[in-house]
């Protein structure tokens, strides 16, 4: 363990746990390590879920299930679905839900919307890959975390664009899309929302006072 730590392996991966939204989540080399700034994603989603009619929630790229489970924990009347691309990742999310005794969340395998076309949601939330392929420190970033959860093409915006486009069909009318993105991508993400005719488009700052989350509402 000491050798791994000296080689830069995050302490969270060494102990296999990471705290997020006041809960401890099991993590692995296959999952993205939840960051504190992503709690803003949960916070903003919970504010939108205050309306009682909004209760069907989708978490795209759920990983450890941290976002989905945290939302389900706080909004017990909600029905939350978390999806990810590999069964091994889904097993970790399910394990976290069982450990934390959260009943109103479930998980299934799907590559973005591929396996869930028949479902509709009041709110879709995601912390997708948004780091540019040419980012100077990407090798260091992806040394201990899966690259597919970090990197996206088209200046880091490809997966964000896919989600914004396809969420139009998966959201109920007036449903919300809530996305995390890079601190320097806010303007580009807002434009993508507007390109697909979302309304009430707005960006929010993270705890470091940088644009980190953008929301939009389906017309």
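Filtering 202, 211, 180 for residues that are modelled with pLDDT of 95 or more, farther than 22 Å from residue 58 by Cβ and touching a strand residue (DSSP E or B) at 6+ places or on another chain (Cβ under 6 Å) leaves a single hit, 211.
Set side by side, the residues 90, 69 differ, and just one is surrounded by fewer than 24 Cβ atoms within 10 Å (Cβ to Cβ) and in a helix (DSSP H, G or I), which is 90. If we keep just the residues of segment 183-199 that are in a loop (DSSP other than H, G, I, E, B) and within 15 Å of residue 155 (Cα to Cα), which is modelled with the highest pLDDT? Looking at the filtered set, the residue picked out is 185. Taking segment 65-88 as the range and being modelled with pLDDT under 95 and within 15 Å of the chain's Cα centre (by Cα) as the test, only 85 passes.
Being within 12 Å of the chain's Cα centre (by Cα), assigned to a loop (DSSP other than H, G, I, E, B) and modelled with pLDDT of 90 or more is the filter here; which residues of segment 111-134 pass it? Those that are within 12 Å of the chain's Cα centre (by Cα), assigned to a loop (DSSP other than H, G, I, E, B) and modelled with pLDDT of 90 or more: 112, 127, 128.
In segment 89-108, is there at least one residue being closer than 18 Å to residue 166 by Cβ and under 13 Å from the mean Cα position of the chain (by Cα)? No, segment 89-108 has no match at all. At pLDDT 90 or above, touching a strand residue (DSSP E or B) at 6+ places or on another chain (Cβ under 6 Å), part of a strand (DSSP E or B) and surrounded by fewer than 24 Cβ atoms within 10 Å (Cβ to Cβ) - does that describe any residue in segment 25-47? No, every residue in segment 25-47 fails to be at pLDDT 90 or above, touching a strand residue (DSSP E or B) at 6+ places or on another chain (Cβ under 6 Å), part of a strand (DSSP E or B) and surrounded by fewer than 24 Cβ atoms within 10 Å (Cβ to Cβ). The lone criterion from (1) exposed (fewer than 14 other Cβ atoms within 10 Å of the Cβ); (2) in a strand (DSSP E or B); (3) touching a helix residue (DSSP H, G or I) at 6+ places or on another chain (Cβ under 8 Å) left unmet by residue 178 is number (1). Here are some conditions: (1) within 21 Å of residue 62 (Cβ to Cβ); (2) at pLDDT below 95; (3) touching a strand residue (DSSP E or B) at 6+ places or on another chain (Cβ under 9 Å). Residue 172 meets all but one. Which one does it not meet? In the conditions (1) within 21 Å of residue 62 (Cβ to Cβ); (2) at pLDDT below 95; (3) touching a strand residue (DSSP E or B) at 6+ places or on another chain (Cβ under 9 Å), residue 172 misses (2) alone.
The values are calculated or read from the model by the stated rules, or taken from the named source; none is laboratory data. Since this is a predicted model, take the numbers as computed values, not measurements. Neighbour counts are summed over all protein chains in view; Cβ atoms, including those assigned to glycine, are modelled from backbone coordinates with ideal geometry.
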